[in-house]
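Enquirer: First, the structure itself, so that you have it in front of you.
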């Protein structure tokens, strides 16, 4: 295994606890983002309600903020431009769903990759080191 110092540090950290050490397991939970009905433009789901995803670099919060920005833009179109609420909510929801599908899939894969020792040790980060990724 290449990886130089970084790979050695990962191995040392992995080897620290004794083999018989008891530990809990954190289950990573998410669900695939799917379109939902807006009840005629009266319902918008944002953030974790629309696309719950694993913890990773604050991406859940980033997506929640992006969802709210899209919703505020939709409301602005209704109030200032006289756009129909139902159509604006549908456009808003479609964008949230599209981003949610990609986000949940990407972040679940990334989270599972870096939190599974066997998978992580096969990554370029460990095999080649941080300067080569």
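Bear in mind these aren't lab numbers, they're just calculated from the coordinates by the rules spelled out. Since this is a predicted model, take the numbers as computed values, not measurements. No Cβ is skipped: glycine too gets one built from the backbone with ideal geometry, and neighbour counts run over all protein chains shown.
Enquirer: Could you give the nm distance between label points at residue 81 and residue 98, where each point is 7 Å from its Cα heading toward the beta carbon?
Expert: Label-label distance for residue 81 and residue 98, simple model: 1.5 nm.
Enquirer: Multiply the residue gap between residue 91 and residue 57 by 0.36 nm, knock off their C-alpha separation, and tell me the result in nm, one decimal place.
Expert: Result: 9.5 nm gained on full extension.
Enquirer: Between the helical axis of 85-115 and the dominant principal axis of the chain, each derived from Cα atoms, what acute angle in degrees is found, rounded to the nearest 10?
Expert: Roughly 0 degrees between the two axes.
Enquirer: Quick one: order 102, 80 by neighbouring beta-carbon count within 10 Å, fewest to most.
Expert: Placing the least packed residue first, the sequence is 80, 102.
Enquirer: While we're here: Working from Cα positions, state the angle (0 to 90°, nearest 10) between the long axis of helix 4-15 and the longest principal axis of the chain.
Expert: The helix 4-15 is inclined about 90 degrees to the chain.
Enquirer: Next up: What ranking of 94, 38 emerges when the number of other C-beta atoms within 10 Å of each C-beta is taken as an exposure proxy, fewest first?
Expert: 94, 38
Enquirer: Can I ask one more? Would you kindly state how much longer the chain becomes between residue 118 and residue 14 on full extension, computed as 0.36 nm times their sequence separation minus their alpha carbon distance, in nm to one decimal?
Expert: 36.3 nm
Enquirer: Given the rule -39500 (n - 2.57) for each run of at least 4 DSSP H residues, summed and divided by the residues of the chain, what is its mean residue ellipticity at 222 nm, to the nearest 500 deg cm²/dmol?
Expert: Per the formula, -18500 deg cm²/dmol.
Enquirer: Taking neighbour Cβ counts within 10 Å as the exposure measure, how do 22, 88 sort from fewest upward?
Expert: 22, 88
Enquirer: From Cα pairs below 8 angstrom and at least 6 apart in sequence, can you work out the relative contact order of the chain, rounded to a whole percent?
Expert: Relative contact order comes out at 37 percent.
Enquirer: On a 0 to 90° scale, report how tilted helix 59-81 is relative to the longest principal axis of the chain, with both axes built from alpha carbons and the result rounded to the nearest 10.
Expert: 10 degrees
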